[in-house]
Amino acid sequence: AALGVMRAAAGTGGNFFPLPEETDFQKAFARHEGADSAVICNSCGTALDLCMAAFKVGPGDEVIVPGLTFVCTATCAAARGARVVFADVDPETMCLDPRAVERKISKKTKAVIPVHFAGRACDVEAFEKISVRHGIPIIYDSAHAVSAKWKGEPVGKWGLAGCYSFQSNKNMTTLGEGGAVVTNDAGFSETVRRAKTFGYVYGPALRVVSIGFNYRMTKVQAAVGLTQLSKVDRVIAERRRKSLALLERLSDVEGILLPEVIDEEHACHLFVIRLDPDKLACGRDQFRAWLQTNCQVGTAVHYPAVWDWEVAGTFDLDKSDCPRTERICRSVISLPVFPSTTDEDLDWIAESVRRAAAEFRKK
């Protein structure tokens, strides 16, 4: 797909404009995610920023987000001068808890950004009720959630908008970076589309009607995105099979808290375990180091609490009343599960975790 675009661009009269691949990818992705329209851009962080700009989030506003997420879920609001208000997460799903959000809503609340953490959909029905009750838009961070569903429906049909990532370690990618905003609001979609391309309105005469930037995805990336989209459900099915196999292998390991649910609606972007501090006499870093040194099993952390990053000291935030987030963020470990992970790999990972847990189990 990439070579086809480049060969055509290099030929006589060829160039990288116009972008039919962009239109085709947008239509296909919106359809796949259950939304009326999609606007593709160069990252999920950009997608979130475009939503903040389109909804005119700014100084004096508050945006409610989870603390268990990548930093851009919070910094997209902070960059606009808004106060970032953290609400606690649900201990089972590790997604933003709607009840905790209700307690944090104020007259200044401009938006709520729940995250479909690790590929599991958050309680979208509860958030829709919050939106109607308080008149506050819900903008979903769906970076982990291509193909995720809630009660049989793609998560892209919910909220004012959903923001997706096609970064290189996601379940589908557009050559390393990429993102999208999906929405069922035609006016919001057009505002986002203008903002990502200098504020242009296309027509007989090109017009610039608002402030915007160049947040576009390239023609080559859009072509790759179409091919990735055609196989993402197969890729996720394979991830799900591997995740369920690892879940079974770890089911009797004492001291490890496993994902509560891995089902047909889970996008299986991450396989996240938690250490049980009541049963293990070690910290997360010590456990990870033991796995790496003794078993050559690499792991990752998704995520430290947002307020623990240095950048959090540079913006206004409220992290009060988030004890579950604090506890979970100190204990999460992501294990390596990919479509290419073999059954032998899964055996090794499970046995390595079992050995590490035995090593640090409280006597």
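The values are calculated or read from the model by the stated rules, or taken from the named source; none is laboratory data. Because the structure is a prediction, the values reported are computed rather than measured. Methodologically, a virtual Cβ is constructed for each residue, glycine included, from the backbone with ideal geometry; neighbour enumeration extends over all protein chains shown. Surface accessibility is based on the protein's heavy atoms, side chains included, excluding ligands, DNA and RNA. Shrake-Rupley method; radii C 1.70, N 1.55, O 1.52, S 1.80 Å.
Suppose we filter R193, R216 for residues that are of a type in the set (K, R) and either in a loop (DSSP other than H, G, I, E, B) or in contact with a helix residue (DSSP H, G or I) (Cβ under 6 Å, 6 or more places away or on another chain) (or both); which single one remains?
R216
Tell me which residues, restricted to region 115-128, are touching a Lys or Arg at 6+ places or on another chain (Cβ under 9 Å) and open to solvent by less than 40 Å² (accessible area, probe 1.4 Å).
Selection gives G119, A121, V124, A126.
Open to solvent by 30 Å² or more (accessible area, probe 1.4 Å), in contact with an Asp or Glu (Cβ under 6 Å, 6 or more places away or on another chain) and among the charged types (D, E, K, R) - does that describe any residue in region 6-22?
No, region 6-22 has no match at all.
What's the number of the only condition in (1) assigned to a helix (DSSP H, G or I); (2) over 18 Å from the mean Cα position of the chain (by Cα); (3) not basic (K, R) that V235 fails to meet?
Against the list (1) assigned to a helix (DSSP H, G or I); (2) over 18 Å from the mean Cα position of the chain (by Cα); (3) not basic (K, R), V235 comes up short only on (2).
Sort out which residues of region 143-178 are under 16 Å from F70 (Cβ atoms), out of contact with any Cys (no Cβ under 6 Å at 6 or more places or on another chain), of a type in the set (G, A, S) and buried (at least 24 other Cβ atoms within 10 Å of the Cβ), and write them in order of number.
Listed by number, the residues that qualify are A145, G162, G178.
Return yes when F55 is at pLDDT below 95 and over 19 Å from E177 (Cβ atoms) and no when it is not.
So F55 fits the description; yes.
With among the β-branched types (V, I, T), out of contact with any Leu (no Cβ under 7 Å at 6 or more places or on another chain), in contact (Cβ under 8 Å) with a residue 60 or more places away in the chain and surrounded by 22 or more Cβ atoms within 10 Å (Cβ to Cβ) as the only criterion, which of V182, V101, V112 stands out?
After applying the criteria, what remains is V182.
Those residues that are among the hydrophobic types (A, V, I, L, M, F, W, C) and either touching an Asp or Glu at 6+ places or on another chain (Cβ under 9 Å) or open to solvent by less than 10 Å² (accessible area, probe 1.4 Å) (or both), I need them from region 69-86; list them, please.
F70, C72, A74, C76, A77, A78, A79, A82, V84, V85, F86 - these are the residues of region 69-86 that are among the hydrophobic types (A, V, I, L, M, F, W, C) and either touching an Asp or Glu at 6+ places or on another chain (Cβ under 9 Å) or open to solvent by less than 10 Å² (accessible area, probe 1.4 Å) (or both).
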